[in-house]
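I have placed the structure first, in the form of structure tokens, so that the comments after it can refer back to it.
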Amino acid sequence: MIKHNQDGHVLTWVLGFMAAISIIIFAASSVIDLTLGDALRTNKNQLSLNIADAGVNYYLWHMSHAGADFQDGNTGGSTIVGGEFDGFYGPYEHEYKDDNGNTVGKYTLYIKPKSAGSTVAIVRSVGESVDGKYTRTVEAEIGAPSFASYGLLTNSAVYFGATGSVNGPVHSNVGMRLDAPNSGGDATSANTTYTPGTSLGGTTNSSQHPGVWCNGGTNCASRNTTKNNGTWRYPVPSIDFNSVTGEICNIKKKAFEANASTASLATSPTACNTTSVARTSSYIPHYQATYGRWRGYLIELNTNGTYNLYGVSNETYNYTNNSNYTYQWQTALSETLIQSNIVIPEPSVIFVEDNVWVRTNPTFNGRVTIAAARLTGSSSDKANVVIADDIRYSTKNGQDVIGIIAENNILIAPYAAPRPSDSGFPFEIQAALIAKDGFVGVSDTYGSGNRDYPYWNDSNKKYIYYGSNAVFGVPVSLRTGGSDSDGFQYRETTYDFNLLYAPPPSFPITSTYDILKWREILVTP
């Protein structure tokens, strides 16, 4: 009996031990299964984020090859109306494969321009696992720095005197002497050293200096005269002004494409040289077959976002002396109204195959780029833009912007500013300007005889500039000097930082596309 009882105790102990082991094994299995499952879910969740990010990187590659394309290579699409993706083009789906070629998910792209005619794309990429159970969403802005990314960009050497000031990023493809204080951006040069002439700050015509340097003024004395603690950078890559010719041609193609009557010309291999077509709201042909320096068109940008178009057959004016001239743009230009309140269609560009005079009436509400070029390749008939009066946005928050591109010079006409006896000062220009082969500003070589510049010398006769300048030649001072010191004695220039990521429509870019902003869009149940 004792032995029997002992056997029973052993059996009970064995069964209890086995039950405990089973519980431990079950618990361990559950923990392992839970851990593996959590790891698998985490892996798939991370994979869906990686897939979403791959969609952004794909579109960065696509825009680097296809420019400002917001439809993933498709054409004629329309934007989504309403809902989470209101205003986006899409959806555009792409499979995502692993290194072995197995499909492990997909990304779906939704794309829209940041603003009308912008070269910056807002890309929303939805990454999804192959079983459809896991999704992550990434939104990025993809774009390239444009010629409007600088307060001043020049292909020549430049000298900023100690009495002035510099606002925003400034760049020279040659070099700069910067005695003036600079704020709001770097000062850069494409050269390590250069030899400035005496008129551009050089002490002698054979003296070499760093790419950016200073040599006078209280501001210069307080800073490192070589690198200025990192805000002066040189050498940096050169900006190619020759690329602007191709960009102007692209603007012309977009102007053709904007209207049904000329849309077929946009894909023609001779589109850049096509001139014998009718005028549309986006394309304006030669004023006359024979080029004339003092004729072309006046574009008057209206507050309601439209423009008025005039034909200009001549520019002429007279005044008794340099301090009391009597003509304004209305009498200085022999103009004839062609059409009023012309609606500017997307992509918000106006291409003119001739000289252009520009003013706002009195401000402009909208986004537009005006390009003036004849694209003949001849140096004798390049198109100029003349500032005929104030040019002003309705707002300065990035919503409104004016881009002006001239094949040659952008000139401030003698009659543009109010007469010295008027109370209409300050004279203002708010725009992003490119003078592809010339300069921007006041020049005593504007004309001859009765086309001299007046002399604005009173304290309230101030010129205010807000925007950006890109000039091929030596930037011309707003005060030319000489016996009568033509131009503006008092001036204020400010860079429009809204132009950095929201340049004017189809504005030329300076380098490759990049991811400007990136964020994950978190979805809460």
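The values are calculated or read from the model by the stated rules, or taken from the named source; none is laboratory data. Here the structure is a predicted model, which means the values were calculated and not measured. Here the Cβ is made from the backbone with ideal geometry for all residues, glycine too, and neighbour counts use every protein chain on show. Ligands, DNA and RNA are stripped out before the accessible areas are found, and what is left, the full protein with its side chains, is counted by its heavy atoms. Shrake-Rupley method; radii C 1.70, N 1.55, O 1.52, S 1.80 Å.
Quick notes on this structure:
- Among residues of segment 337-395, those that are of a type in the set (Asp, Glu) and either touching a His at 6+ places or on another chain (Cβ under 7 Å) or within 20 Å of Pro503 (Cβ to Cβ) (or both), counted: 3
- Residue match in segment 30-47 (condition: exposed (fewer than 10 other Cβ atoms within 10 Å of the Cβ), closer than 30 Å to Gly143 by Cα, at pLDDT 75 or above and among the aliphatic types (A, V, I, L, M)): no
- Selection within segment 133-155: residues that are polar (S, T, N, Q) and touching a helix residue (DSSP H, G or I) at 6+ places or on another chain (Cβ under 8 Å). The member of this set that is most open to solvent (accessible area, probe 1.4 Å) is Thr135.
- Among residues of segment 78-104 that are within 19 Å of Pro347 (Cα to Cα) and hydroxyl-bearing (Ser, Thr, Tyr), those with a Cβ under 6 angstrom from a residue that is modelled with pLDDT of 90 or more and assigned to a loop (DSSP other than H, G, I, E, B), sequence gap 6+ or separate chain, pair up as Thr79/Gly87; Tyr89/Phe70; Tyr89/Gln71; Tyr89/Thr79.
- Members of segment 166-189 that are under 23 Å from the mean Cα position of the chain (by Cα) and either at pLDDT below 85 or open to solvent by 20 Å² or more (accessible area, probe 1.4 Å) (or both): Val166, Asn167, Pro169, Val174, Asn182, Ser183, Gly184, Gly185, Asp186
- Count - residues of segment 400-425 that are free of Cβ contacts under 8 Å to residues at least 60 places away in the same chain and either among the acidic types (Asp, Glu) or surrounded by fewer than 17 Cβ atoms within 10 Å (Cβ to Cβ) (or both): 4
- Whenever a residue of segment 374-385 is over 14 Å from Trp294 (Cβ atoms) and part of a loop (DSSP other than H, G, I, E, B), its partners that are modelled with pLDDT of 90 or more and open to solvent by 10 Å² or more (accessible area, probe 1.4 Å), lying with C-beta atoms within less than 6 angstrom and at least six residues away or across chains, give the pairs Arg374/Asp381; Leu375/Cys272; Lys382/Glu407; Lys382/Asn408.
- Long-range neighbours under 8 Å by Cβ, at least six apart or interchain, first residue crowded, with 16+ Cβ neighbours inside 10 Å within segment 498-525, second modelled with pLDDT of 90 or more and among the basic types (Lys, Arg): Asn498/Lys396; Pro504/Arg367; Pro505/Arg367; Ser506/Lys254
- Complete set of residues in segment 85-127 that are under 25 Å from Pro145 (Cβ atoms) and among the hydrophobic types (A, V, I, L, M, F, W, C): Phe88, Leu109, Ile111, Ala116, Val120, Ala121, Ile122, Val123
- Take the conditions (1) within 13 Å of Asp53 (Cα to Cα); (2) out of contact with any His (no Cβ under 7 Å at 6 or more places or on another chain); Lys106 misses just one of them, which is (2).
- For segment 256-281, filtering for residues that are in a helix (DSSP H, G or I) and open to solvent by less than 30 Å² (accessible area, probe 1.4 Å) leaves 3.
Each row is one residue, and each column tells you yes or no for (1) open to solvent by 90 Å² or more (accessible area, probe 1.4 Å); (2) modelled with pLDDT of 80 or more; (3) over 21 Å from Val138 (Cα atoms); (4) of a type in the set (Phe, Trp, Tyr).
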residue	(1), (2), (3), (4)
His9	yes, no, yes, no
Val14	no, no, yes, no
Phe17	yes, no, yes, yes
Ala20	no, no, yes, no
Ile24	yes, no, yes, no
Asn50	no, yes, no, no
Asp69	no, yes, no, no
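- Boolean, Tyr96 is in a strand (DSSP E or B), crowded, with 18+ Cβ neighbours inside 10 Å, modelled with pLDDT of 90 or more and in contact with a Pro (Cβ under 8 Å, 6 or more places away or on another chain): no
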